[in-house]
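Novice: Let me give you the structure first, and then I'll get to my questions.
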Amino acid sequence: MSKGQETKTKILQQAAELFNQQGYAGSSMSDIMRVTGLQKGGIYNHFPSKDELALQAFDFAIACVSKHYRSALRSKSNAVERLQAIIGVFSNFADNPPIKGGCPLLNTAVESDDAHPALRERTQQAMNSWLNLIRRIIETGIAKGEIRPEVNAEEIATIITATLEGAIMISKLYGDSVHMQRAVNHLNQYIENYL
C-alpha cells in the first residue's frame with residue numbers, strides 16, 4: 001500500500017469513527033482535522049468534499065461490520081445456523097462494536113433521514129444488502145428443506161433486522177447489554193421454533 005493510500009485509509013477510519021459518534025452534521029472540518037491530525041488541504045487532497053468523505057467513511061464503516069458477518073458465515077452451511085451466526089455476531093456489537101459509536105447503519109439511518117439525501121441513499125443500499133443477505137439465507141434454507149416452505153423470507157428479514165437494531169439502540173441508550181441479550185434469546189427461540 002502506498003503512503004497516499006495509507007493516509008486515505010487512516011482518514012477514512014478516523015472520519016468513520018467520528019461521524020459514527022458525533023454524526024455527519026455534528027462533525028465540523030475542525031473536528032475531522034483534529035482526529036486525523038491533518039490540515040484541510042491534506043484531507044481535501046484525498047476527498048473533494050466533506051460530503052464525499054462522509055459517503056466513503058460510511059462505506060468503510062459498513063465494510064468493517066460486513067467483515068465480521070462474512071467470517072462468521074464461512075463455516076456455516078445450514079440456514080438456521082447461518083441466521084444464528086449473524087445474530088451471534090450482532091449480539092457482540094452492543095458491548096464491542098466493530099467501529100466506535102455503535103452500529104453505523106443505525107446511526108446513519110437516523111441522522112440522514114431528511115438532512116443528507118446522498119447519505120440516506122447509501123444507507124438504504126447498505127440496509128438492502130443486509131436484508132437481502134438474510135432473505136437469501138432463508139430462501140436457500142427453504143429450497144434445501146431446512147426451513148418450512150410457508151415461511152415468508154422478506155418478513156423474517158425485517159423482523160430479525162428490526163429486533164437487532166432496536167436492541168442495539170436500547171442497549172446503547174441504557175448502557176446495558178441485557179436488552180441485546182433478551183433480543184438475541186428471543187430471536188434464537190423464534191428461529192428454532194417458527195422456521
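The values are calculated or read from the model by the stated rules, or taken from the named source; none is laboratory data. Because the structure is predicted, anything quoted here is derived from the model rather than measured. Cβ sites come from the backbone with ideal geometry, for glycine too, and all protein chains shown count toward neighbours. All accessible areas refer to the heavy atoms of the entire protein, side chains included, with ligands and DNA or RNA removed. Shrake-Rupley method; radii C 1.70, N 1.55, O 1.52, S 1.80 Å.
Novice: Tell me which residues, restricted to segment 67-97, are over 30 Å from residue 39 (Cα atoms), free of Cβ contacts under 8 Å to residues at least 60 places away in the same chain and not aliphatic (A, V, I, L, M).
Specialist: 67, 68, 70, 71, 74, 75, 76, 77, 81, 82, 92, 96
Novice: Please specify each residue of segment 33-42 satisfying the condition of being crowded, with 18+ Cβ neighbours inside 10 Å and either modelled with pLDDT under 90 or not in a helix (DSSP H, G or I) (or both).
Specialist: 38
Novice: Here's a follow-up. Within segment 62-72, identify whether any single residue is in contact with a Gly (Cβ under 7 Å, 6 or more places away or on another chain) and within 27 Å of residue 129 (Cα to Cα), and answer yes or no.
Specialist: Taking segment 62-72 as the starting set, the residues that turn out to be in contact with a Gly (Cβ under 7 Å, 6 or more places away or on another chain) are 72.
Within this subset, residues satisfying the condition of being within 27 Å of residue 129 (Cα to Cα) are 72.
So far as segment 62-72 goes, yes, one or more of its residues are in contact with a Gly (Cβ under 7 Å, 6 or more places away or on another chain) and within 27 Å of residue 129 (Cα to Cα).
Novice: If we keep just the residues of segment 69-79 that are surrounded by 16 or more Cβ atoms within 10 Å (Cβ to Cβ) and not small (Gly, Ala, Ser), which is nearest to residue 18 (Cα to Cα)? Even if it seems obvious, please write down each step before you answer.
Specialist: Step one: list which residues in segment 69-79 are surrounded by 16 or more Cβ atoms within 10 Å (Cβ to Cβ), which gives 69, 72-73, 79.
With the extra rule that they be not small (Gly, Ala, Ser), the set shrinks to 69, 73.
Details: 69: 23, 73: 29 Å.
Ranking the qualifying residues of segment 69-79, first place goes to 69.
Novice: Of the residues in segment 16-32, how many are over 16 Å from the mean Cα position of the chain (by Cα), aliphatic (A, V, I, L, M) and open to solvent by less than 40 Å² (accessible area, probe 1.4 Å)?
Specialist: Of the residues in that region, 2 qualify.
Novice: To continue, here is another question. Give all pairs with beta carbons closer than 8 Å in which a residue from segment 98-126 that is free of Cβ contacts under 8 Å to residues at least 60 places away in the same chain meets a residue that is assigned to a helix (DSSP H, G or I) and of a type in the set (S, T, N, Q); count only pairs at least 6 apart in sequence or on separate chains.
Specialist: Listed pairs, sorted by first residue: 109/123; 120/112.
Novice: Look at segment 127-161 and say how many of its residues are over 19 Å from residue 65 (Cα atoms) and among the hydrophobic types (A, V, I, L, M, F, W, C).
Specialist: 8
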